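These notes concern the structure reproduced below.
The values are calculated or read from the model by the stated rules, or taken from the named source; none is laboratory data. If you're wondering where the values come from, they're calculated on a predicted model, not measured in any experiment. Quick reminder, even Gly has a Cβ in these numbers, built from the backbone with ideal geometry, and neighbours come from all protein chains shown.
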Amino acid sequence: MSQLDLSGVLCPTEQAFTLPPACYVDEDILAFEQERLFAGGWVSAGRTSDLAQSGDYLAFSIADTPLIATRGEDGRLRVFANTCRHRGMQLVEPGRGQCRQFVCPFHGWCYKLDGSLFAAPRMEGAQGFESADFSLVPARSEERAGFLFVNLDGKAASLDDWLGDFESLHEPWRLESLVTASQREFTVKCNWKLFIEVFNEYYHLRKVHPHTLSTLYATPDPVDRTDGAFVSQFGEHARRGSVGVLAEAGNGLETLPGLSGRLANGTRYTWAYPGLTFAASRDAVWVLEAAPVTVSHTAVRLTLLFDDASLSVPDFEQMLKRYESRMAIGMDEDIVVLEAQQLGLRSRLARPGRVCPELEPSVHVFHRWYAHQLIGAGLGTA
């Protein structure tokens, strides 16, 4: 493909154009993203509290690479290739589980939770064979703010450099102490960037959510200045109380203990590149992890986080249903336009548009970061 003209994307927000449509529909662009952003960046692999016990594991993929995250007997969380060292068999099916060891279903090679091979049946005749040489292949991983991050190619900057001031900006929400109360996975027929973009802009609320979400939010603050690979924007609510439940569903849960002042009646929307985004609100945090399946299909994991005090209220299960319902209604309304947007961007007549400076600044900040990644890979010009 020819190099993309990204000069309009790199303009100040008030003058900026959106990304070229090719960024959402081109297979070569997707290949670049998988290699440079997902394999080459720090990607969220879920919440560490969901892997709290020895033997808990999550089998997942990053950039078409099957992986296992598991908690060892020593309490350490590790990530390995979900691939037997004998002949490449996938050790476990995608999803969550609990085990004392990983046993290959093909020929029975057995691995401890620390990845070391401790049994390889009938291999006595293999000259020079040493079990210590055939441990599961580790992937670089670290924990921050209750999230597990993975850098697949091992070449990214340190996670501290990648995230910058991410932890300090979100400290009032005490993200590391929040626990999963609800989780579901689904696929949306749109490019992964479109899915996360809509979660980080206010411009669509009146048209897409006129009777549900549009009245919940006031005009947001300007986008925050950050020094990591993320963008964040805080906005106060248009009414007192929770935006985690719709008005007709009643009141929400109590305010998280670390919040006061404006933070106790607002929501911070954050996008940690490439695929982690969340809404840190007064009483809960909604986490969305998005990854490309194809150029026009996105796999999404939605997680609702609460503090221990909220989980212990007598009617929490009923309250949780209200939060889930609110999120499902908003998501369904978004998906209708996202899938239509994907179809529109496929048009050979599609062209870059303009950014709304007041209500889409977070999208533009991401576009600028993304444009620099394309330019660095020789796929675009400034």
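Close Cβ contacts (under 7 Å, 6 or more residues apart or on different chains) running from residues in region 76-102 that are at pLDDT 95 or above to residues that are outside any strand (DSSP E or B) and among the charged types (D, E, K, R) comprise ARG78/ASP114; GLN101/LYS112. Filtered by the rule that a residue be among the small types (Gly, Ala, Ser) and either more than 21 Å from PRO172 (Cα to Cα) or exposed (fewer than 15 other Cβ atoms within 10 Å of the Cβ) (or both), region 137-159 gives ALA139, SER141, GLY154, ALA156, ALA157, SER158.
Of PHE195, PHE186, PHE234, which residue is in contact (Cβ under 8 Å) with a residue 60 or more places away in the chain and in a strand (DSSP E or B)? Can you show your working first?
On the way: PHE195 fails: in a strand (DSSP E or B); PHE234 fails: in contact (Cβ under 8 Å) with a residue 60 or more places away in the chain.
On inspection, the qualifying residue turns out to be PHE186.
The single condition from (1) outside the structural domain of ILE62 (by TED's automatic domain parsing); (2) surrounded by 20 or more Cβ atoms within 10 Å (Cβ to Cβ); (3) outside any helix (DSSP H, G or I) that TRP162 fails is (3).
Having 1 or more residues that are assigned by TED's automatic domain parsing to the domain that holds GLU236, under 30 Å from ALA63 (Cα atoms) and of a type outside the set (Asp, Glu) is the bar; report the helices (runs of 4 or more DSSP H) wholly within region 279-381 that clear it. Outline the logic, then answer.
On the way: elements: 308-311, 316-345, 361-376.
Result: 316-345.
Summed over region 1-36, residues that are without any contact (Cβ under 8 Å) to a residue 12 or more places away in the chain and either assigned by TED's automatic domain parsing to the domain that holds GLY275 or of a type in the set (Ser, Thr, Tyr) (or both) total 1. Scanning region 113-159 for residues that are within 32 Å of the chain's Cα centre (by Cα) and without any contact (Cβ under 8 Å) to a residue 12 or more places away in the chain yields ALA157, SER158. For region 87-104, the criterion of being touching a helix residue (DSSP H, G or I) at 6+ places or on another chain (Cβ under 7 Å) and surrounded by 16 or more Cβ atoms within 10 Å (Cβ to Cβ) is met by no residue. The single condition from (1) modelled with pLDDT of 95 or more; (2) more than 20 Å from LEU288 (Cα to Cα) that ILE196 fails is (2). Within region 239-287, track down each residue that is crowded, with 21+ Cβ neighbours inside 10 Å, among the hydrophobic types (A, V, I, L, M, F, W, C) and touching a strand residue (DSSP E or B) at 6+ places or on another chain (Cβ under 8 Å). Result: VAL243, LEU253, TRP271, ALA272, LEU276, PHE278, ALA280, ALA284, VAL285, TRP286, VAL287.
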